[in-house]
Structure formats: structure tokens, C-alpha cells
Amino acid sequence: MAVFTEVSTKEARELLRRLQLGKLLTLRGIEGGIENTNYFLTSEEGEYVLTLFERLSAEQLPFYLHLMKHLAHAGIPVPDPQADKYGEILHRVAGKPAALATKLRGKSQLAPQAPHCAAVGSLLARMHLAARDYERQQPNLRALPWWNETVPVVLPHIGAEQAALLQSELAYQNHVAASSAYAALPRGPIHADLFRDNVMFEGEELTGCFDFYFAGVDSWLFDLAVCLNDWCVDLPTGRHDGARAAAMLAAYQAVRPLTAAERELLPAMLRAGALRFWISRLWDFYLPREASMLKPHDPTHFERVLRERVQHPIHL
Ligand SMILES: Nc1ncnc2c1ncn2[C@@H]1O[C@H](COP(=O)(O)OP(=O)(O)O)[C@@H](O)[C@H]1O
Ligand SMILES: N[C@@H](CCOP(=O)(O)O)C(=O)O
């Protein structure tokens, strides 16, 4: 249940009054989600999702919320955070930082086929291009510096074979990050967590994506690798699915062709994408934060994906 903080109808009405969005019609807690409190809220003006941020700080939030607004204005189907008359999109509800964003139609496609992967590839490329002129800066907070900090913290908790893979992969990724090909990768704001559960579909029509709370400035190729590793993979084995990956890559490149440096580094970034989520899942699993509400995801999945990407590199 993802209602960690109760919102009264009085508080919801007060927010709608501030945002001039008409009368409250319905307010219903959303059961999915593990990080934030989410409610579906309907007013005379439309359908929204009210999010109370349980963990992210008021310093980090403007980057994510303004990025969503920037993308929504550019025609990318993402939730549009609603502003008050002063242009403020970060609000306070029930004592927590909060946002009210437009509700997307559809539901997650958890067993995607090639057309779904193509739709995600196209969306991702359009999102990268649309974010080029976004002015706020915030690095991907789950990138190489965080991996270097976190690997020594999780090492005491895992077996020798896993530790050897984790350390050798980290050394490899530090080596890649120092290369001239890496320096040549195009960069900008990326979603960085565009997994199956963060995209909505109606049939094969992609209706939008959400959960921008791991977004940050990083290489576009890393974002694409994260998507390939989640959408174009056989979940039980971690094996790459060639047909789905081809569909995603072709659709991405129909909008923005990959550069020579990106083509060269695709195998390395697929490994980086697997490493990033293996580390965060190990960290959530073995070092749950105090009073954490997170139900940890299975870390062994991304260990399998990483082994697959090392043993069977995927070249364009
Ligand atoms: N803008 C939105 N439109 C429609 N549904 C949404 C929207 N934002 C969140 N949801 C729903 O709320 C659920 C939880 O959201 P999510 O961002 O994954 O929460 P958490 O950050 O707590 O993991 C999603 O699975 C989705 O069903
Ligand atoms: N996609 C990540 C976890 C991030 O959680 P989310 O529910 O906020 O998307 C993973 O699978 O490890």
C-alpha cells in the first residue's frame, strides 16, 4: 500500500483552491509504488496524481518536476506538474513536499513485444532531444561516483564469486569512463529508470511515462542501455532478446541516429546499466535504510544480466 501519509479531503480541497483547479470530485489512495505516497485525484478540471515525497529532499525535487514540465510542454507524454499563480510546482501537503501532475491513460505492459519496445525507443529519443534545452543541472546521482562509493559498502555482504565480478566490472567501468570514446558521448538530462513499470500503454499505443525521480544529466547511451536491459530481456535468464532490441534500436535511431562513439560503447554501457541496478538492488537488500518503506527487488536478476552482457557482448 503506497499511502504512507494520509491526505484529508480538506487538504486536497485547499491544494485545488491554490492551484485554481475547481472543486474536488474524488480522492483515492494508489496501492502501487514503494517510494512515495500517491493518490488519484479528480477535480472539475481533470484527472491528476497527487504525490507526497517521502524521501526526496526539497533541494532535489525542482530538477525532476521542472524537467517533467519542460517535457510536457515540448509534447512528450509525461505527467505535467500543476503550478500555482506564482508558477510554483512544488507544494506542501500534510507536512510533506508534494506535486499534483496530470494523470496518464493506460497501464503498464509487463510482457512487452517488439512494437512496445519500438514505441519506447522512439519516446526515449524524442525525450532526449526535447530535454536538450532544459537549463537546470543535476547529475545522475546513481552514476559512477555512487557506484565507487557503494561497492565497498556491499562487498562484505556477498560471496567471493559475486565480489570478484562486482570489483572487476567496477574497474572496467572506471577504465571506460576515462576513455576518449566515453568523453565523446552525447549527454543531457536522462530518465535513467525507464523500466516496464514506468511506462503506460493502451494496446500498442504508448500513452506516457512517469517516475522521473532518478533522472539526471548523463550520457544518452546509458539511458538507452537501461531500457534495452529491461525491455529487451528474457526475465528468467537475463538473456538479450534480439528481435525486441532490434525494434527498440531502429525506432530510437529513426529519431536520433547513434554516433560512432555510441556504437562503439554500446556493449560497455549495457554492462554499465546492469551494474548500476545490481549495485542499487544489493544496497537496498543488504543495507535497508532506517524506517525504509522499500520492498527490495531481487539483486540476482541484474547479476545474471551483467554476466550475460559480459559473456555475450551485443554489437550494432
Ligand atoms: N501520472 C500518472 N498517471 C497515471 N498513473 C500514475 C501516475 N503516476 C503514478 N501513477 C500510478 O501510481 C503508481 C505508483 O507510482 P510510482 O511513481 O511508481 O511510485 P513510487 O515512486 O512510490 O514507486 C504507478 O504504478 C502508477 O500506477
Ligand atoms: N527500477 C529499479 C527500481 C526503481 O524503483 P521504482 O519503483 O521507483 O521504479 C529496479 O528495478 O531496480
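Which ranges mark the helices (runs of 4 or more DSSP H) fully within segment 203-316 that have 2 or more residues being more than 30 Å from Pro156 (Cβ to Cβ)?
Numbers: elements: 220-231, 242-255, 260-286, 299-311.
Because the criterion is at least 2 residues that are more than 30 Å from Pro156 (Cβ to Cβ), the helices (runs of 4 or more DSSP H) in segment 203-316 that meet it are 220-231, 242-255, 260-286.
Contact list please: Cβ distance under 8 Å, first residue in segment 192-203 and under 20 Å from Trp220 (Cβ atoms) and in contact (Cβ under 8 Å) with a residue 12 or more places away in the chain, second residue of a type in the set (D, E, K, R) and more than 9 Å from ligand 2 (Cβ to nearest atom), pairs at least six apart or on different chains.
Partner pairs satisfying both residue conditions: Ala192/Arg142; Ala192/Asp218; Ala192/Asp223; Leu194/Asp223.
Is there any pair with a first residue in segment 110-125 that is on the phi < 0 side of the Ramachandran plot and a second that is basic (Lys, Arg) and in a loop (DSSP other than H, G, I, E, B) whose Cβ atoms are under 6 Å apart and which are 6 or more apart or on different chains, and what are they?
Ala125/Arg256
Taking Glu135 as the residue in question, decide whether it is under 26 Å from Val7 (Cα atoms) and acidic (Asp, Glu).
So Glu135 does not fit the description; no.
Go through segment 198-234 and give me each residue that's in contact with a Phe, Trp or Tyr (Cβ under 6 Å, 6 or more places away or on another chain) and within 15 Å of Leu67 (Cα to Cα).
Within segment 198-234, Phe212, Tyr213, Ala215 qualify.
Within segment 19-39, track down each residue that is assigned to a loop (DSSP other than H, G, I, E, B) and not aliphatic (A, V, I, L, M).
Here is the first cut: in segment 19-39, the ones assigned to a loop (DSSP other than H, G, I, E, B) are 20-23, 30-36.
The answer is Gln20, Gly22, Lys23, Glu31, Gly32, Gly33, Glu35, Asn36.
Kindly indicate the residue of segment 89-105 that is part of a loop (DSSP other than H, G, I, E, B) and in contact with an Asp or Glu (Cβ under 7 Å, 6 or more places away or on another chain) and also nearest to ligand 1 (Cβ to nearest atom) among those meeting that condition. Walk me through how you get there before you give the answer.
The initial filter retains those residues of segment 89-105 that are part of a loop (DSSP other than H, G, I, E, B), namely 89-90, 94-95, 103-105.
From the residues that got through so far, the ones that are in contact with an Asp or Glu (Cβ under 7 Å, 6 or more places away or on another chain) too are 94, 103, 105.
Values: Ala94: 16, Lys103: 4, Arg105: 8 Å.
Selected residue: Lys103.
Tally up the residues in segment 205-238 that are within 13 Å of Met127 (Cα to Cα) and among the charged types (D, E, K, R), please.
Here the count works out to 1.
Here is a list: Ser108, Ser57. Which entry is within 12 Å of ligand 1 (Cβ to nearest atom) and surrounded by fewer than 15 Cβ atoms within 10 Å (Cβ to Cβ)? I'd like the intermediate steps shown before the answer.
Details: Ser57 fails: within 12 Å of ligand 1 (Cβ to nearest atom).
Checking each option against the conditions leaves just Ser108.
Per-residue answers, yes or no, for (1) within 14 Å of ligand 2 (Cβ to nearest atom); (2) in contact with a helix residue (DSSP H, G or I) (Cβ under 7 Å, 6 or more places away or on another chain):
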site: Cys232; (1), (2): no, yes
site: Val255; (1), (2): no, yes
site: Arg263; (1), (2): no, no
site: His297; (1), (2): yes, yes
site: Val305; (1), (2): yes, yes
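Has segment 157-173 got at least one residue that is under 27 Å from Phe63 (Cα atoms) and in the same structural domain as Ala260 (by TED's automatic domain parsing)? Quick ask: steps written out before the conclusion?
The initial filter retains those residues of segment 157-173 that are under 27 Å from Phe63 (Cα atoms), namely 173.
Narrowing the set further to residues that are in the same structural domain as Ala260 (by TED's automatic domain parsing) leaves 173.
The answer is yes; a qualifying residue exists.
Mind listing whichever residues of segment 18-60 are farther than 14 Å from Arg92 by Cβ, among the basic types (Lys, Arg) and at pLDDT 95 or above?
Matches in segment 18-60: Lys23, Arg28.
Take the residues in segment 1-33 that are under 18 Å from Lys107 (Cβ atoms) and not charged (D, E, K, R), then tell me which one is surrounded by the fewest Cβ atoms within 10 Å (Cβ to Cβ). So that I can check it myself, show each step before the final result.
Step one: of segment 1-33, the residues under 18 Å from Lys107 (Cβ atoms) are 2, 28-33.
Checking the rest, the ones that are also not charged (D, E, K, R) come to 2, 29-30, 32-33.
On the way: Ala2: 17, Gly29: 15, Ile30: 16, Gly32: 9, Gly33: 17.
By that ranking, first place goes to Gly32.
The values are calculated or read from the model by the stated rules, or taken from the named source; none is laboratory data. All figures in this text were calculated on a predicted structure; none of them were measured in a lab. Don't worry about glycine lacking a Cβ; one is built from the backbone with ideal geometry, like all the others, and counts go over all protein chains shown.
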